[in-house]
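A.B. asks: The structure's right below; bear with me while I get my questions together.
The values are calculated or read from the model by the stated rules, or taken from the named source; none is laboratory data. Just so it is clear, the model here is predicted, and its values are computed rather than measured. Here Cβ is always computed from backbone atoms with ideal geometry, including for glycine, and neighbour counts include all displayed protein chains. All accessible areas refer to the heavy atoms of the entire protein, side chains included, with ligands and DNA or RNA removed. Shrake-Rupley method; radii C 1.70, N 1.55, O 1.52, S 1.80 Å.
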Amino acid sequence: MPLLSPAADVQMRLDYFETRCKELGLRITRQRQEIFRAVAQSNAHPSAEAVFLQVRESLPNVSLDTVYRTLSSLEEMGLLHQVGLSSKARFDGDLRPHCHFVCTKCGEVYDIFPQEHEEITWPLSAQNAGEIRQVNVQFKGICKNCTH
């Protein structure tokens with residue numbers, strides 16, 4: 001998969017967002033669009049609170065509850081992935097196959113992309129359980145910043 005510029009990558013995510021909303025018959029509201037954009041533009045895996053603070057700059061009347069509900073619905077639509085520690089959910093708008101390293105000390109989330117000829121696989125027996133729609137691999141430990 002060729003590497004895209006950050007702007008082109010974000011635009012690709014926004015285009016997919018619009019396509020997916022249309023497929024599901026959902027209106028593309030400004031709130032929904034700005035909340036998705038906040039996650040799609042970030043490589044920092046923002047929390048709902050961080051998304052709220054960013055979106056509030058352009059939509060001052062948005063509520064934290066709206067952000068939580070919208071993030072949840074975007075995840076159900078397959079547009080975002082929830083990553084990180086269960087005590088503080090973080091969101092990832094990059095849908096390319098990759099794993100995450102979650103630091104159990106500071107809570108930071110790092111993307112781990114497969115090398116050129118590597119693939120993220122799952123046990124073949126997992127297919128016997130049902131239709132696989134998403135694979136979420138998270139490594140948990142203490143990051144390099146916290147061990148120094």
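A.B. asks: To the nearest 10 square angstrom, how much accessible area does LYS88 have with a 1.4 angstrom probe?
C.D. replies: Roll a 1.4 Å probe over it and LYS88 shows about 110 Å².
A.B. asks: For the range 1-122, what's the relative contact order in percent, using C-alpha pairs closer than 8 Å and at least 6 residues apart?
C.D. replies: Worked out over the range 1-122, it gives 20 percent.
A.B. asks: I've got another one for you. Set Lys and Arg Cβ to +1 and Asp and Glu Cβ to -1, take the dipole of the chain about its Cα centre, and tell me which of MET12, GLN41, THR121 lies farthest positive.
C.D. replies: It is GLN41.
A.B. asks: Now, a different point. Whenever you get a sec, compute what percent of the accessible area on the chain sits on carbon and sulfur atoms (1.4 Å probe).
C.D. replies: 51 percent
A.B. asks: Here's a follow-up. For a Förster distance of 25 Å, can you work out the FRET efficiency between the beta-carbons of ILE120 and SER5, rounded to the nearest 0.05?
C.D. replies: My answer for the efficiency is 0.55.
A.B. asks: List the extent of the Cα atoms of the chain along each of their three principal axes, largest first, rounded to whole Å.
C.D. replies: Cα spread of the chain along its principal axes, largest to smallest: 42, 40, 33 Å.
A.B. asks: Given the range 20-98, what whole percent of its Cα pairs are spread farther than 16 Å?
C.D. replies: More than 16 Å apart: 45 percent of the Cα pairs in the range 20-98.
A.B. asks: Okay, next question. Among all the lysines, which ones have a C-alpha under 22 Å from LYS105's C-alpha, if same-chain residues fewer than 8 places away are not counted?
C.D. replies: Straight-line reach from LYS105, under 22 Å: LYS88, LYS140, LYS144.
A.B. asks: Before rounding to the nearest 500, sum -39500 (n - 2.57) across all DSSP H runs of length at least 4 in the chain and divide by the residue total; then give [θ] at 222 nm in deg cm²/dmol.
C.D. replies: So the helix-based figure for the chain works out to -12000 deg cm²/dmol.
A.B. asks: How would the range 97-148 be classified by its alpha-carbon gyration tensor: rounded, prolate or oblate, with rounded meaning a/c under 1.5 and the a/b versus b/c comparison settling the rest?
C.D. replies: Since a/c reaches 1.5 and a/b is larger than b/c, the shape of the range 97-148 is classed as prolate.
A.B. asks: Shifting gears a bit: I'd like to check one number: the per residue accessible area of the chain, probe 1.4 Å, reported in Å² as a whole number.
C.D. replies: 65 Å²
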